[in-house]
1. Conditions first: (1) buried (at least 16 other Cβ atoms within 10 Å of the Cβ); (2) modelled with pLDDT of 95 or more. Residue 54 passes all but one, so which condition is the exception?
2. Step by step: first the residues of the stretch 17-39, then only those that are in a strand (DSSP E or B) and modelled with pLDDT under 85, then the one that is surrounded by the fewest Cβ atoms within 10 Å (Cβ to Cβ). Which residue is that?
3. Checking the condition without any contact (Cβ under 8 Å) to a residue 60 or more places away in the chain and either under 17 Å from residue 11 (Cα atoms) or among the aliphatic types (A, V, I, L, M) (or both), which residue from 81, 74 passes?
4. Scan the stretch 59-70 and report the pairs whose first residue is within 16 Å of residue 84 (Cα to Cα) and whose second residue is among the charged types (D, E, K, R), with Cβ atoms within less than 7 Å and a gap of 6+ or a chain change.
5. How many residues are surrounded by 13 or more Cβ atoms within 10 Å (Cβ to Cβ), part of a helix (DSSP H, G or I) and either of a type outside the set (Phe, Trp, Tyr) or modelled with pLDDT under 95 (or both) when one looks only at the stretch 57-68?
Amino acid sequence: MNTLLQEINQRKPHFVRKNTGHELLLIPLKDNVADFNQYLVLNELGAFIWEQIDEDCSLEALQDAIFNEFDAPLAQIEQDLAKFIPELHQYTRAK
């Protein structure tokens with residue numbers, strides 16, 4: 001999972017992000033032009049995760065950050081991340 005986080009981080013410069021209140025739009029860049037036909041909408045938690053992913057991000061650090069920010073049960077965080085991170089990785093790779 002840490003490898004997926006690193007790969008997502010490497011792809012982050014290929015996206016424009018736009019905050020719209022409690023959501024974050026991720027818009028892929030193609031040839032330095034935003035492709036508004038293929039954007040992704042992240043809710044508050046998804047946006048938080050996107051912002052936390054950096055070159056030093058690990059799954060454990062991400063779980064701790066979510067636990068501290070949202071006070072969710074750790075088992076639920078682990079389960080949600082196990083599903084969300086591969087989906088986010090797939091989206092960033094496809095663009």
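The values are calculated or read from the model by the stated rules, or taken from the named source; none is laboratory data. Please read these numbers as outputs of a predicted model, since none were measured by experiment. Neighbour counts run over all protein chains shown; Cβ positions are idealised from the backbone, glycine included.
1. (1)
2. 33
3. 74 is the lone residue from the list that is without any contact (Cβ under 8 Å) to a residue 60 or more places away in the chain and either under 17 Å from residue 11 (Cα atoms) or among the aliphatic types (A, V, I, L, M) (or both).
4. Final answer for the pair search is 63/78.
5. To start, the set of residues in the stretch 57-68 that are surrounded by 13 or more Cβ atoms within 10 Å (Cβ to Cβ) comprises 57, 59, 61-67.
With part of a helix (DSSP H, G or I) added as a condition, the list becomes 59, 61-67.
Still in the list and also either of a type outside the set (Phe, Trp, Tyr) or modelled with pLDDT under 95 (or both): 59, 61-66.
Qualifying residue count, the stretch 57-68: 7.
To keep it simple, each residue is scored yes or no on (1) under 16 Å from residue 1 (Cα atoms); (2) under 14 Å from the mean Cα position of the chain (by Cα); (3) not charged (D, E, K, R).
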position: 19; (1), (2), (3): no, yes, yes
position: 32; (1), (2), (3): no, no, yes
position: 37; (1), (2), (3): no, no, yes
position: 54; (1), (2), (3): yes, yes, no
position: 69; (1), (2), (3): no, no, no
position: 72; (1), (2), (3): no, no, yes
position: 78; (1), (2), (3): yes, no, no
position: 93; (1), (2), (3): yes, yes, no
